[in-house]
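Asks: Quick one: this structure, given as structure tokens, is what I'll be asking you about.
Derivation of every value follows stated rules applied to the coordinates shown; laboratory data play no part. Source: prediction; values computed, not measured. We place every Cβ from the backbone using ideal geometry, glycine too, and count neighbours over all the protein chains shown.
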Amino acid sequence: MPDDPFFQLSAEEKQQVQIERLQSTLNRACRHVPFHANRLGVLGMEPSDISALADIARLPFMERADFSEHYPYDLFAVPLRDIVRIHTAPGTTRNPTVSGYTAQDLDHWRHILGRALRTAGIGANDILQIALNPGLANWGRDYKDGAEAIGASVIPNTPLSVEKQLMVLRDYKTTVLITTPAMAGHLADYTVEKGIGPASLSLHTLVLCGEFIDPEFRNSIETGLHVRTWLHYGLSEIPGPAIAFECKAHDGLHIQEDHFLAEIIDPETREVLSPGSAGELVLTSLTTRAFPLIRFKTGDRARLLEDPCPCGSTLMRMKWDSERTDDIMNIDGVNVHGNQTGFHLKEMMGMDPRRVSYRVVHQQGRKVLEVLMEMNDAIFSDEIKELEQLLRRSENRLRENLGVPVTIRLVESKG
């Protein structure tokens, strides 16, 4: 692990840092964000009532719907004049999720990303290429900043075909690639298809982010490209990537506990579960000034590990599960909610959302959101060309709003 004092703190020292930062976050959130102040007021609580980490279980949860309902700036805990960057991501309704960052927040994210990259052995001698789909453009900027902070040479995120990505990998002598598991698999398959041997590349490290990866699929990528892979966990809406990251032991992901407090709850009862139990991951930000998260329900399934890690770090680890506790679909790292897709289809085509279903499919090595739309009189046209044009316009509109590839198929009505 990198030379980082927080990695070696005792449990007592770590908890002291966390409770001090939690109290500071709660005070700032309740002082400047009516949403947080009102929710504590309903419970007859004040931030001072949280005097130990276990007390956080008394606080209400934040959910994705809260971001859309308080669009755009109502959850900001600082004045707009202090905001230096604003990120936008698809929400759960027609309103996107908007998150802001102060200069201090961006400094924290450079530290968060730099720590995770250094742990993967990445440094000033590396040429790092970022290949993420447009829906993760914010992450591309975060990874660029973090890599530059540790002195690596960076090829910023640019949407390119797999052929062009491979050309850049080879010609620019890229040593580290940051991408999603799906895109990494597509690249590995393409090199085989074109007869390009890994020896022709300088690549030795893949940082995989955005979605869970099956161990067998991961092994096939490592074997096909002759690389070592490192998994990062983050949130596609807010605040960013590498909230948790793998160390050299590759046995769970270390949570950046100086910046985030993690809990596991039962998704049905919402009760906090003991370490080792599988459930829904809940995160509270400890250092974020502009856009604090207080017990945010991520929808991701995980379990916390308390046993010591062979790498020597005292940062708690989590085991990330492929399943979710909600109906959100993950497409190359971008979370897509069916409700949001339904809003757009109703607006564009007058389509009843109840007549629409969704699934994730693979097309040409990429994950695609397939929208299955029942035929009805509202969209049926005697002019086939007119109907096809309507469908193509709708696909383009969805791609722009969701940040993922979309295809629409008409299916027979179920009555």
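Asks: As an exercise, use a Förster radius of 35 Å and the Cβ-Cβ distance of residue 94 and residue 392 to find the FRET efficiency, rounded to the nearest 0.05.
Replies: 0.95
Asks: Pull up the cross-link candidates among the lysines for residue 173, meaning alpha carbon to alpha carbon under 25 Å and not fewer than 8 places away within one chain.
Replies: 144, 164, 194, 248
Asks: Looking at the chain, which longest stretch skips every one of the GluC sites (Glu not before Pro) that is in a DSSP loop with at most 13 other Cβ atoms within 10 Å, leaving the sites themselves out?
Replies: 1-267
Asks: Let me have the 222 nm mean residue ellipticity of the chain computed from DSSP H runs of 4+ only, each contributing -39500 (n - 2.57), with the sum over all residues rounded to the nearest 500.
Replies: -10000 deg cm²/dmol
Asks: Just want the ordering: 293, 53, from fewest to most Cβ atoms lying within 10 Å of their own Cβ.
Replies: Lowest count first: 53, 293.
Asks: Moving on. With no solvent and one equal point scatterer per Cα, compute the Debye intensity ratio I(q)/I(0) for the range 165-211 at 0.23, 0.27, 0.30, 0.32 Å⁻¹ and report its log10, rounded to two decimals.
Replies: Summing over Cα pairs of the range 165-211 leads to -0.83, -1.11, -1.27, -1.34.
Asks: Would you work out which of 213, 177, 124 lies farthest towards the positive end of the dipole of the range 113-236? Charges go on Cβ: Lys and Arg +1, Asp and Glu -1.
Replies: Of the options given, the answer is 124.
Asks: So, one more: Report, in debye and to the nearest 20, how large the dipole of the chain comes out about its Cα centre when Lys and Arg carry +1 and Asp and Glu carry -1 on their Cβ.
Replies: Roughly 780 debye for the chain.
Asks: Next up: Looking at the range 1-326 only, what percent of DSSP beta bridges run antiparallel? Nearest 5 please.
Replies: Taking every DSSP beta bridge within the range 1-326, about 65 percent pair in antiparallel fashion.
Asks: Can you compute the FRET efficiency between residue 171 and residue 192 using 1/(1 + (r/R0)^6), with r the Cβ-Cβ distance and R0 = 22 Å? Round to the nearest 0.05.
Replies: 0.65
Asks: How long, wide and thick is the chain, going by the Cα atoms along their three principal axes, in whole angstroms, largest first?
Replies: In descending order, the Cα extents are 70, 58, 43 Å.
Asks: Between the range 1-48 and the range 154-172, how many Å separate their Cα centres?
Replies: 41 Å
Asks: Residue separation times 0.36 nm, minus the C-alpha to C-alpha distance between residue 103 and residue 216: what's the value?
Replies: 36.6 nm
Asks: Under a straight-distance cross-link criterion of Cα-Cα below 18 Å, which aspartates and glutamates are reachable from residue 319, leaving out those fewer than 8 residues away in the same chain?
Replies: List returned: 211, 214, 216, 246, 251, 257, 263, 266, 280, 300, 306, 307.
Asks: Under a crude label model (7 Å from the Cα following the beta-carbon direction), how far is residue 164 from residue 251 in nanometres?
Replies: Modelled inter-label distance: 4.4 nm.
Asks: As a test, work out the antiparallel percent of DSSP beta bridges whose residues both lie in the range 337-411, rounded to the nearest 5.
Replies: Roughly 55 percent of the DSSP beta bridges within the range 337-411 come out antiparallel.
Asks: Figure the gain on full extension for residue 384 and residue 361 (residue separation times 0.36 nm, minus the Cα-Cα span) and round it to one decimal in nm.
Replies: Going from the current span to full extension adds 5.7 nm.
Asks: For the range 337-411, what does the convex hull of the Cα positions come to per residue, in cubic angstrom?
Replies: Measuring per residue, one finds 87 Å³ for the Cα hull of the range 337-411.
Asks: Here is a follow-up. Hey, which lysines would be in cross-link range of residue 346, C-alpha to C-alpha under 27 Å, not counting anything within fewer than 8 residues on its own chain?
Replies: 367, 385, 414
Asks: Between the range 392-407 and the range 56-119, how far is it from one alpha carbon centroid to the other, in angstrom?
Replies: Result: 25 Å between the Cα centres.
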